[in-house]
Amino acid sequence: MVDKQHTIIRKIIHIDMDAFYASVEQRDNPEYVGKPIAVGGSPEGRGGVVATASYEARKFGVRSAMPSKEALRLCPDLIFIRPRFAAYKETSSYIREIFSRYTDLIEPLSLDEAYLDVTNDKLGIGSALEIAEQIKKAIFDELQLTASAGVSINKFIAKIASDINKPNGLTFIGPSKVETFIENLPVEKFYGVGKVTAKKMQSLGLFKGADLKKLSESDMVRHFGKSGSFYFRIVRGIDNREVQPHRETKSVGAEDTFPYDLTTPDEMYQELSKIAETVANRLEKNELKGRTLTLKVKFSDFRQITRNHSFQSLIGDQQTILETAKSLLNNVDLQDKKIRLLGITLSRFDLVMQAPQVESEQLKLFDS
């Protein structure tokens, strides 16, 4: 049983659209229905990246964030489609309108994902599970799309629950089930635990929540730094974070560590082009533009520098991002230097549209 003395019990729903970009494309283009499609960059030339893949493509192992060339190798019949962000935004706005029928406490994480606090819902339904069912039905009936939902007492559990029965899933984890659920949860399934941290946990003999629960908070902090306190609370079902309709995102960026050191300007420009595309896509998806662009450069000896440029007006298009990053790089002394990492970050945002901000913990480019 959850320690109620330290836990705030809320009614939280996490909604995650199923293969959102790909599903919108299949809805709007009947010729794609039932076929393996990937929304993202073309595999031609140096190749792009898959933003999302239809479930038909996923059967072949095609996944979000996968290089398009690798995706094509796995699925030779894969159809590549350039993103249509205007269509996705329009659909996302409609989905948010459906959410707002039930609550004003909506925290979008991206165009296709959001938390809803329905502890006190507008219609007086009272049951978070019933509200989640109604939202899923409205999305399907009105938009011909499916969504998966997780329902629980806090954001952490609801987020994980929404991923359990994808696609078109609905998972409810009530207060009496939370602690058992977390104890049996593999550490790599914990939201916020990346591959590196998961491997470290496993190397320490920590494979499930029950293993984490054996550690004291000081042990957690010693092994995992500041995140240790968060893990300590989470394995006990304690997550008192509120659903925040207007979270502030301070920066959006992307970086890449290369399999080999870059030594020529052409190589550097080609890699900057891919990074600029990723940043532009993230900005577009989350309806953001910024005024300050920062270039990050890490050399082969691990020395790191940053250079930035501020604009009078808001920018967010790929071409401006790329040309600015190239200009900043040209002002770096590269004589006899080798580069192992490049990164681009945009900051000082204003909203392009009056939509709630995405969660700053994890700015999602690739949808599930």
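The values are calculated or read from the model by the stated rules, or taken from the named source; none is laboratory data. This structure is a prediction, so every number in the text was calculated from the model and none was measured. Cβ sites come from the backbone with ideal geometry, for glycine too, and all protein chains shown count toward neighbours.
Just a few scattered comments:
- Taken over the stretch 20-47, the criterion of being assigned to a loop (DSSP other than H, G, I, E, B) and either assigned by TED's automatic domain parsing to the domain that holds residue 168 or surrounded by fewer than 21 Cβ atoms within 10 Å (Cβ to Cβ) (or both) is satisfied by 29, 33, 34, 35, 42, 43, 44, 45, 46, 47.
- Test: residue in the stretch 48-55 that is modelled with pLDDT of 95 or more and part of a helix (DSSP H, G or I): yes
- Single match in 137, 122, 155 (criterion: of a type in the set (Lys, Arg), surrounded by 15 or more Cβ atoms within 10 Å (Cβ to Cβ) and out of contact with any Cys (no Cβ under 7 Å at 6 or more places or on another chain)): 155
- Qualifying residue in the stretch 179-192 (condition: in a helix (DSSP H, G or I), buried (at least 20 other Cβ atoms within 10 Å of the Cβ), touching a residue at least 12 places away in the same chain (Cβ under 8 Å) and within 21 Å of the chain's Cα centre (by Cα)): yes
- Members of the stretch 165-178 found to be more than 23 Å from the chain's Cα centre (by Cα) and not basic (Lys, Arg), listed by number: 174, 175, 176, 178
- On the stretch given as the stretch 61-113, residues that are buried (at least 17 other Cβ atoms within 10 Å of the Cβ) and part of a loop (DSSP other than H, G, I, E, B) total 12.
- Test result for residue 51, under 24 Å from residue 316 (Cβ atoms) and surrounded by fewer than 20 Cβ atoms within 10 Å (Cβ to Cβ): no
- Residues (in contact with a Lys or Arg (Cβ under 7 Å, 6 or more places away or on another chain) and part of a helix (DSSP H, G or I)) located in the stretch 275-303: 283
- Any hit, the stretch 287-297, residues being touching a His at 6+ places or on another chain (Cβ under 6 Å), assigned by TED's automatic domain parsing to the domain that holds residue 334 and touching a residue at least 40 places away in the same chain (Cβ under 8 Å): yes
- For the stretch 255-281, a residue qualifies if it is charged (D, E, K, R) and surrounded by fewer than 13 Cβ atoms within 10 Å (Cβ to Cβ), and exactly one does: 266.
- Residues satisfying the stated conditions in the stretch 193-202, i.e. under 14 Å from residue 227 (Cα atoms) and surrounded by fewer than 18 Cβ atoms within 10 Å (Cβ to Cβ): 194, 196, 198, 200
A quick yes/no check of all residues on (1) assigned to a helix (DSSP H, G or I); (2) in contact (Cβ under 8 Å) with a residue 60 or more places away in the chain; (3) of a type in the set (A, V, I, L, M, F, W, C):
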| position | (1), (2), (3) |
| --- | --- |
| 129 | yes, no, yes |
| 134 | yes, no, no |
| 137 | yes, no, no |
| 145 | no, yes, yes |
| 149 | no, yes, yes |
| 157 | yes, yes, yes |
| 160 | yes, no, yes |
| 166 | no, yes, no |
| 177 | yes, no, no |
